[in-house]
Amino acid sequence: MVKNNSSTIMNGNNHTSEHMITLNIHIPHDNVIHSMQFDIQMLINDICYNIQQHLLMTIDHDLSEYGLFINDAQHSVRSYWLDPTKTLNYYALKNEDHVEYKNRYRPLKIRLLDGTVKTILIDDSLIVAQLMVYICTKFGIANYDEYSLVYDIDTDDSINNTKTATLLRDRSLQRTDKKMEELRKKCHTDDDTLWLDQSKTLRQQNIDEQSTVILRRKYFFSDTNIDQRDPVQLNLLYVQCRNAIIDGTHPVTYDEAIQFSGLQCQIQFGDYEESKHKPGIIDIRDFLPKEYAKTKNVEKRIFLEHKKHIGLSELDGKVKYTQLCRSLRTYGVTFFLVKEKMSGKNKLVPRLLGVTKDSVVRVDERTKDFIQVWPLTHVKRWTASPNTFTLDFGDYASAYYSVQTHEGQQISQLIAGYIDIILKKRKDREDKTAGNDIVDEEATMIEDIIAPGKATIIEPNCPSFDHVHQKNVYSPPIIRGTFSDSTNHSDHQQQGNYFSSQIYEQAKSLSNNQHSNDGTMLFSTIENARNTTYTVQSQLARELQMEQHTQQTQSLSSIMDNQHQYSIENRLDVSRQILTSELSTINASTAHIIILTSDINNNHRRNIDYNHSLSTAITTITNTLNEFSKEINIYINIINDKTNLIDQTHRLCIKFNYLLIFIKIL
């Protein structure tokens, strides 16, 4: 490796030494290092251009394909590409640090479910979510948001045992129950599917040039529209359905298994020929679930079914196969093996928790019969911790549904993914029907992941022709049902493995005189917020007046009556997560109000957007504060300590009331 003399790249006029940094630019292709000095205010894109202009390289290349790369030889997952839109001082680089200047594009091996492996060039600097658009486009798949990548353990295990062991280490350490592991294998759950994190790059997930990933459908949302006109997706869906039936993911009766096997023969072998298709020419294990493989005369039954489909083309056969598969009760359900508390007993028992495009289901772990179904629109919020996952159905259920699982984050991401797809489809419909008086009477669910102290304001997307008004996070069943076709959007942030979600219902379309009454609407919002705050304060005052004896005798018993399915420890954990999330929401909205009202000399402060944004922030705090007071009451009853927390909540209400008064004066 050769190290050449240094050169200086300035940005603008003269700069002092503290604005400069010396970097060792490594050119892997030429195996040389050039010491260069840069202004820390320069964009990474400009630095790349200057490197190309000042250094003599033996390769001709497109500048747009090259970038700067920080290579951590000891921990490859810590290696990263520098964003060309950022300045150099954005990164924590020091003098004499080594930076590679190389091509961002590298090969990626992708295996399809039918076993074929294709290699394509991908941009190594992009996160998986961005790569899915390019990958699906290359394969002719339109709805890229329903697909994702899975780490191919079987292929890479023989190549890199160390990497495979690392990927599985965390899960193996968490799981010590052998019976649960055996049951998990029988149920064919999604627990062990190593889906790649769409918010990270491939390199951050230890996927290098030698690794192989699998392209699979993760979300079963718009698959009902797949037919002969889309042969690529039809084949992928057929293979995924076939594998799920053969391995037992979808339980089928003997007659149903024969039907599927007959169609599979038609697809693979074409029309039935008596002289050719005889018992013994097929491997039963590739056509039937293992429980039916040893049934007497089963091959004869399969070929009799095969004979019924003479004249059916391969594409038509795949369509018929997938249509038959969609009729199964377990189709489109992603299963997770969890433990739930047995009713009336202090004992945890296995249960399957399923997620579909429109519901969450409790499923019998042995028969896969549905025990209970909750529509997604009934979910008020959900939370995930390292060892538990909890669903809150608001007024639709008398208690939370909490289970013990190490896959809480995976379940949460799956629910969030379905909701993102729902919102995207809804927005597409709105764009197509803009200007029409079409009202979509359906609740919209939005995941809101907020890190304490780092929350961002939740603001609805406000079309030029209308406004959206945020209401409470959920409504009782008796008044749900009338909503507008506008959509609320929230910024996503994350802290650890904790997640929280909220449902936002939307108001009807406003009348034509809405613009003239916007100031009145803000005034009404402030008055409503003050009345709600007074109500919360009154409730807190009544709590303080309760006798100590009543506190001790009724608190735990009432909680256990309402939350009899869950242990005190789990309920306390859930309560902390909810309170933390709600405080973060209050902080974020308060910060937004301060920003909106900070410039008192701005002549445009009283415009419609200003009033609407201010009303939205106030409403968010009001609703969240009301929910916070209810949850704090549950929390203090569990820990038997009311005075301090109630006093602090009371002070929070007072401060919010002062803020409302100042806003009203402005």
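The values are calculated or read from the model by the stated rules, or taken from the named source; none is laboratory data. Computed from a prediction, not measured in an experiment: that's the story for all the values here. In this analysis, Cβ positions are derived from the backbone assuming ideal geometry, glycine residues included, and neighbour counts consider all displayed protein chains.
Surrounded by fewer than 19 Cβ atoms within 10 Å (Cβ to Cβ) and under 42 Å from the mean Cα position of the chain (by Cα), is that true of D271?
Values: surrounded by fewer than 19 Cβ atoms within 10 Å (Cβ to Cβ): yes; under 42 Å from the mean Cα position of the chain (by Cα): no.
Answer is no for this residue.
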Legend entry - Selection status of K294, surrounded by fewer than 12 Cβ atoms within 10 Å (Cβ to Cβ), within 23 Å of R184 (Cα to Cα), out of contact with any Leu (no Cβ under 9 Å at 6 or more places or on another chain) and modelled with pLDDT under 90: no
Legend entry - Selection status of H309, surrounded by 13 or more Cβ atoms within 10 Å (Cβ to Cβ), modelled with pLDDT of 90 or more and not in a helix (DSSP H, G or I): yes
Legend entry - Those residues of segment 614-627 which are under 27 Å from the mean Cα position of the chain (by Cα) and among the hydroxyl-bearing types (S, T, Y), in sequence order: T616, T619, T620, T624
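Going residue by residue through segment 589-607, is there one that turns out to be in contact with a Ser or Thr (Cβ under 7 Å, 6 or more places away or on another chain), modelled with pLDDT of 80 or more, assigned by TED's automatic domain parsing to the domain that holds R576 and over 21 Å from D573 (Cβ atoms)? Even if it seems obvious, please write down each step before you answer.
Pass one, segment 589-607, residues in contact with a Ser or Thr (Cβ under 7 Å, 6 or more places away or on another chain): 589, 596.
When the remaining residues are screened for being modelled with pLDDT of 80 or more, the result is 589.
Those left that are additionally assigned by TED's automatic domain parsing to the domain that holds R576: 589.
Next, from what is left, pick out any that are over 21 Å from D573 (Cβ atoms): 589.
Yes; the residues of segment 589-607 include at least one that is in contact with a Ser or Thr (Cβ under 7 Å, 6 or more places away or on another chain), modelled with pLDDT of 80 or more, assigned by TED's automatic domain parsing to the domain that holds R576 and over 21 Å from D573 (Cβ atoms).
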Inset, instruction - Could you grab the pairs with beta carbons closer than 8 Å, sequence gap of 6+ or different chains, first residue in segment 647-664 and within 15 Å of F523 (Cα to Cα), second one part of a helix (DSSP H, G or I) and of a type in the set (D, E, K, R)? - result: N657/R530; L660/R530
Legend entry - Cβ pairs under 9 Å, 6+ apart, first in segment 121-136 and assigned by TED's automatic domain parsing to the domain that holds Q210, second part of a helix (DSSP H, G or I) and hydroxyl-bearing (S, T, Y): I122/Y134; D123/Y134; L126/Y134; M132/Y144; V133/Y144; Y134/Y144; I135/Y144; C136/Y144
Legend entry - Residue under evaluation D395, criteria (1) assigned to a helix (DSSP H, G or I); (2) in contact (Cβ under 8 Å) with a residue 40 or more places away in the chain; (3) within 30 Å of F269 (Cβ to Cβ), criterion not met: (3)
Inset, instruction - Tell me which of these D46 doesn't satisfy, since it passes every other one: (1) touching a residue at least 40 places away in the same chain (Cβ under 8 Å); (2) under 22 Å from H19 (Cα atoms); (3) over 34 Å from the mean Cα position of the chain (by Cα). - result: (1)
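Table: residues versus (1) in a helix (DSSP H, G or I); (2) surrounded by 18 or more Cβ atoms within 10 Å (Cβ to Cβ); (3) at pLDDT below 90.
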residue: V361; (1), (2), (3): no, yes, no
residue: T367; (1), (2), (3): no, no, yes
residue: I371; (1), (2), (3): no, no, no
residue: T383; (1), (2), (3): no, yes, yes
Legend entry - Residues (within 26 Å of I122 (Cβ to Cβ), surrounded by fewer than 20 Cβ atoms within 10 Å (Cβ to Cβ) and of a type in the set (S, T, N, Q)) located in segment 213-234: S222
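Which is at pLDDT below 90 and of a type in the set (V, I, T), of I27, I21? Break it down stepwise before answering.
Values: I21 fails: at pLDDT below 90.
Sole residue among the options that is at pLDDT below 90 and of a type in the set (V, I, T): I27.
Return the only residue of L414, L376 being surrounded by 17 or more Cβ atoms within 10 Å (Cβ to Cβ), within 14 Å of the chain's Cα centre (by Cα) and modelled with pLDDT of 85 or more. I'd like the intermediate steps shown before the answer.
Details: L376 fails: within 14 Å of the chain's Cα centre (by Cα).
Among L414, L376, only L414 is surrounded by 17 or more Cβ atoms within 10 Å (Cβ to Cβ), within 14 Å of the chain's Cα centre (by Cα) and modelled with pLDDT of 85 or more.
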Inset, instruction - Could you figure out which of (1) touching a residue at least 24 places away in the same chain (Cβ under 8 Å); (2) surrounded by fewer than 12 Cβ atoms within 10 Å (Cβ to Cβ); (3) of a type in the set (S, T, N, Q); (4) over 19 Å from D46 (Cβ atoms) isn't true of T116? - result: (1)
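Can you give me the ranges of the strands (runs of 3 or more DSSP E) entirely in segment 84-157 with at least 1 residues that are out of contact with any Lys or Arg (no Cβ under 6 Å at 6 or more places or on another chain) and under 19 Å from L194 (Cα atoms)? Walk me through it before giving the result.
Details: elements: 97-103, 105-111, 117-123, 147-151.
Those strands (runs of 3 or more DSSP E) span 105-111, 147-151.
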Inset, instruction - Identify all residues within segment 239-268 that are part of a helix (DSSP H, G or I) and surrounded by fewer than 15 Cβ atoms within 10 Å (Cβ to Cβ); write none if there are none. - result: N243, Y254, D255, Q268
